[in-house]
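The values are calculated or read from the model by the stated rules, or taken from the named source; none is laboratory data. Values in this document were obtained by computation on a predicted structure and should not be read as measured data. All Cβ positions, even for glycine, are placed from backbone atoms using ideal geometry, and neighbour counts span all protein chains on display. Heads up: the accessible areas ignore ligands, DNA and RNA and are worked out on the full protein's heavy atoms, side chains in. Shrake-Rupley method; radii C 1.70, N 1.55, O 1.52, S 1.80 Å.
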Amino acid sequence: MQESLNLFITGTDTGVGKTYITNLLLSSMIKRNQSAVGFKPISCGDRNDAELILSSSYPTPNSIDLINPVHLKTPAAPLAASLIEGKDVSLDLIKKHHQELKNSYDNVIVEGAGGWAVPITAKYNIGDLAAELCSEVLIVVNNKLGALNKTILTYNAIRDKGLKLAGIILNHVEAERDTASISNKTILEEIINPPMIIDILHGETEIECPF
């Protein structure tokens, strides 16, 4: 029997396709007859990512507030948005909802906001939240020139927190390929040697869940 999964997805930056990958993983898990839910602890700006995760989860949660307990309307980093709006980010509420989902679903995929070091408060960031919620982290990378530096820095930060790297997904946000996007996988295998590294081509609609 497949073990339950409690996975944190981080990105090397914003806009790398974390929600896209989260949805593909949820769909794959559901197809093998497991319950699976996405969890977006903090959203800033619109709630589109949370709404997509909600619709991809099964059984569908009763409320978007369960899977997205903190919504800040300002499209900025959580710390900036909370200061602008005069609203504190409730870490206790995030942890409460996350535990509720863990109690109710076979698999929980937690999607971070932006990259690993994005600040939530002046002394607490996305990486700190990941360490409290999960023990394994998946890195989603926009596979292009410059991805190596960001991926290695993110991996080092994950390792320094004592967390386990579940793997790396190289997501082709753009259809066009270049030399870097072709060679990045080989280089990362040499330098990091992750447990799993997968190329997701532009526009793919399903993947085989590697977990």
Is it the case that ILE207 is farther than 20 Å from TYR20 by Cα and of a type outside the set (Ser, Thr, Tyr)? no
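Could you say which residue among LEU133, LEU138 is farther than 27 Å from HIS202 by Cα and crowded, with 17+ Cβ neighbours inside 10 Å?
LEU133
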Residue among ILE120, ILE158, ILE109, ILE126 that is open to solvent by less than 10 Å² (accessible area, probe 1.4 Å), out of contact with any strand residue (DSSP E or B) (no Cβ under 6 Å at 6 or more places or on another chain) and β-branched (Val, Ile, Thr): ILE120
Determine which single condition THR22 fails, assuming it passes every other condition in (1) within 27 Å of THR151 (Cβ to Cβ); (2) among the hydroxyl-bearing types (Ser, Thr, Tyr); (3) open to solvent by 10 Å² or more (accessible area, probe 1.4 Å). (3)
All conditions in (1) open to solvent by less than 30 Å² (accessible area, probe 1.4 Å); (2) under 16 Å from the mean Cα position of the chain (by Cα); (3) modelled with pLDDT of 95 or more are true of GLY114 except (3)
Pair list, Cβ under 9 Å, 6 or more apart: region 16-39 residue in contact (Cβ under 8 Å) with a residue 24 or more places away in the chain and of a type in the set (Lys, Arg), other residue open to solvent by 10 Å² or more (accessible area, probe 1.4 Å) and in a helix (DSSP H, G or I): LYS18/ASP49
Report those strands (runs of 3 or more DSSP E) wholly inside region 94-211 carrying at least 1 residues which are within 13 Å of THR12 (Cα to Cα) and in contact (Cβ under 8 Å) with a residue 40 or more places away in the chain. 107-115, 136-142, 164-171
Take the residues in region 25-67 that are charged (D, E, K, R), assigned to a loop (DSSP other than H, G, I, E, B) and touching a strand residue (DSSP E or B) at 6+ places or on another chain (Cβ under 8 Å), then tell me which one is surrounded by the most Cβ atoms within 10 Å (Cβ to Cβ). LYS40
